[in-house]
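Chemist: Let me begin by handing over the structure; questions about it come next.
The values are calculated or read from the model by the stated rules, or taken from the named source; none is laboratory data. All of these numbers come straight from a predicted model, not from anything done at the bench. Every residue, glycine as well, gets a Cβ built from its backbone with ideal geometry; the counts of neighbours run over all protein chains shown. Only protein heavy atoms, including side chains, enter the accessible area calculation; ligands, DNA and RNA are left aside. Shrake-Rupley method; radii C 1.70, N 1.55, O 1.52, S 1.80 Å.
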Number of protein chains: 2
Amino acid sequence: MQIAIALYERFTVLDAIGPYQMLYSLPGAETVFVAEKAGPVRDDGNSLALVAEKSFDEVRRPDIVVVPGGPDQSDQMENEALLGWLRAVDPTTTWTTSVCTGSLALAAAGLLKGRRATSHWLALTELDRLGARSTGERVVFDGKYVTAAGVSAGIDMGLTLGGRIAGDEYAQSAQLMAEYDPQPPYDAGSPEKAPAHIVARFREHSPLGR
Amino acid sequence: MQIAIALYERFTVLDAIGPYQMLYSLPGAETVFVAEKAGPVRDDGNSLALVAEKSFDEVRRPDIVVVPGGPDQSDQMENEALLGWLRAVDPTTTWTTSVCTGSLALAAAGLLKGRRATSHWLALTELDRLGARSTGERVVFDGKYVTAAGVSAGIDMGLTLGGRIAGDEYAQSAQLMAEYDPQPPYDAGSPEKAPAHIVARFREHSPLGR
């Protein structure tokens, strides 16, 4: 079972790492980080480079695809190399998944038409515009398409998917080893819960908040 | 403000990325990934390489140090390059922090003697043996030393520390943008909550479970 995690410049690194950490010990699975060209790919903080071990051309039959998001939607939606690869490999995947605005890439590639899906809370309108039917849920399954809400939701997506693939005991073991017993010191993780003026500021200034 | 995240072979990547994602937009902060030698450093899954931009020799006055953990405690505790660097830079840090078994490195470097601290649940005994006073808490502050429990606890640590450094509004904004509103599909994130036979299996087979 090959898990391919797609990278592109200015991706959000926790989007990629959350699912990776929950899925990487799946029995019989190997994970490959993949990008247009093999080599280091920089994140949206520009402080970090994660190495793509293979190019899109070299990974043609992944079983599971994970597309992370990033703060500038054009990086995903107008990334023809990424979209072309997604269209090429999707017909033979078992699961095609995304975290955060990664779902905008799946939608722009034409893979989410009429499907229930989710994205970062600032990107739900754009997701609908691209033909998906957005929900407010944290993890959405529609057939083999699995989308997660913003950034950290990829952890919950990875656990849920790991459970579907390898059973509850696999997922519980992954959760225990990652000591995923969240105790956030604030309760500001969604636009419904965060202080209204912070939400308003993001809606005003984010490229996704239009 | 320089945030230095220390890497070494077979580190657990979410340990490093959780705090990074919560702290990387601190006003005036730059983050540098650092290792014994600059270049790619492979994780405990051996599927991923994160690039250390600088060597330990090049980063001598970080304000914040973050040490991730890894499943094989000897990788931290017997890593003289890492321990030497920690001893050298700690006197001038504002915060010296760890996630998961990263605290074993801090303790082995002599920085946690008599201090309250935490680690991965499988490593608490070892942490005590090294002179710290382990607690069952998820995030522990003792002066400038901040330690987090296993893997995903680094997200909670990063948010807590971000709030201390830059105020509640910074931390709430980081939480909102990461949509950190956890909804784990299972409730197995601690040894108290996970099925007993899974906990027992890890205690029996993990190198940390002795």
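Chemist: What residue, of A:159, A:112, is farther than 27 Å from residue B:169 by Cα, modelled with pLDDT of 95 or more, within 11 Å of chain B (Cβ to nearest Cβ) and open to solvent by less than 60 Å² (accessible area, probe 1.4 Å)?
Modeler: Selected residue: A:159, the only one of A:159, A:112 that is farther than 27 Å from residue B:169 by Cα, modelled with pLDDT of 95 or more, within 11 Å of chain B (Cβ to nearest Cβ) and open to solvent by less than 60 Å² (accessible area, probe 1.4 Å).
Chemist: Let me ask another. Residues being out of contact with any Ser or Thr (no Cβ under 9 Å at 6 or more places or on another chain) and open to solvent by less than 10 Å² (accessible area, probe 1.4 Å): count how many of those fall in segment B:115-151.
Modeler: Number satisfying all stated conditions: 0.
Chemist: Among the residues of segment A:14-42, what is the count of those that are farther than 15 Å from residue A:173 by Cβ and either within 10 Å of chain B (Cβ to nearest Cβ) or open to solvent by 10 Å² or more (accessible area, probe 1.4 Å) (or both)?
Modeler: 18
Chemist: Right, something else. Could you check, for segment A:173-180, whether at least one of its residues is open to solvent by less than 40 Å² (accessible area, probe 1.4 Å), within 7 Å of chain B (Cβ to nearest Cβ), over 21 Å from residue A:13 (Cα atoms) and polar (S, T, N, Q)?
Modeler: yes
Chemist: Looking at residue A:185, is it without any contact (Cβ under 8 Å) to a residue 60 or more places away in the chain, more than 30 Å from residue B:201 (Cβ to Cβ) and at the interface with chain B (Cβ under 9 Å from one of its Cβ atoms)?
Modeler: Yes.
Chemist: What pairs come up if the first residue lies in segment A:27-51 and is under 17 Å from residue B:20 (Cα atoms), the second is in a loop (DSSP other than H, G, I, E, B) and open to solvent by 70 Å² or more (accessible area, probe 1.4 Å), and their beta carbons are under 6 Å apart, counting only those six or more places apart or on different chains?
Modeler: If the second residue must be in a loop (DSSP other than H, G, I, E, B) and open to solvent by 70 Å² or more (accessible area, probe 1.4 Å), the pairs left are A:42/A:9; A:44/A:10.
Chemist: Quick one: which of B:40, B:71 is modelled with pLDDT under 95 and either under 25 Å from residue A:182 (Cα atoms) or not charged (D, E, K, R) (or both)?
Modeler: B:71
Chemist: Tell me, please, whether a residue that is open to solvent by 20 Å² or more (accessible area, probe 1.4 Å), of a type in the set (Phe, Trp, Tyr) and in contact with a strand residue (DSSP E or B) (Cβ under 7 Å, 6 or more places away or on another chain) can be found in segment B:95-107.
Modeler: yes
Chemist: Hey, another quick one. What about residue B:24, is it of a type in the set (Ser, Thr, Tyr) and within 18 Å of residue B:161 (Cβ to Cβ)?
Modeler: Yes, satisfied.
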